[in-house]
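One structure below.
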Amino acid sequence: GSVENYAVLALLPSYLERQGSSLIYMVDDLIKKSKNPDSGFYLHDLEAMTQKLYDLEKKKQKVLLIGVSFALLDLAEKHSLNLQHTIVMETGGMKGRRKEMIRAEL
């Protein structure tokens with residue numbers, strides 16, 4: 001469907017800290033195209049992101065949550081979330097932050 005139907009949340013800490021990331025460019029483009037005031041980037045503020053996800057779930061707002069593996073795992077370990085209206089798009093890579101996991105280990 002159209003990205004305008006979604007709030008796009010980005011949890012991409014290691015990428016936001018680098019210049020010239022193509023991933024940041026693409027996600028920023030999705031955020032702009034969503035035209036949703038709730039869309040945006042989150043660097044390390046898992047508390048603010050969690051609150052935003054709760055608020056959007058209450059409104060039954062469709063969400064596209066894009067994140068790097070280690071940050072999504074940090075979020076899942078710290079917060080129990082029941083996301084009925086959220087698609088989680090994992091971008092891969094632990095970037096030396098955690099043990100690399102293969103699908104068979106999940």
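Quick note: the coordinates plus some simple rules give every number you see, no bench work behind them. Since the structure is predicted, the reported quantities are computational estimates derived from the model, not experimental observations. Glycine gets a Cβ as well: all are built from the backbone with ideal geometry, and neighbour counts include every protein chain shown.
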Picking from I24, I31, which residue would you name as being over 18 Å from I87 (Cα atoms) and hydrophobic (A, V, I, L, M, F, W, C)?
I24
Between residues in region 19-41 that are within 17 Å of T91 (Cβ to Cβ) and residues that are assigned to a loop (DSSP other than H, G, I, E, B), which pairs lie under 6 Å by C-beta distance while being six or more apart or on different chains?
I31/S39
Residues that are loosely packed, with under 13 Cβ neighbours inside 10 Å: which helices (runs of 4 or more DSSP H) entirely in region 1-89 hold 2 or more of them?
22-34, 46-58, 69-78
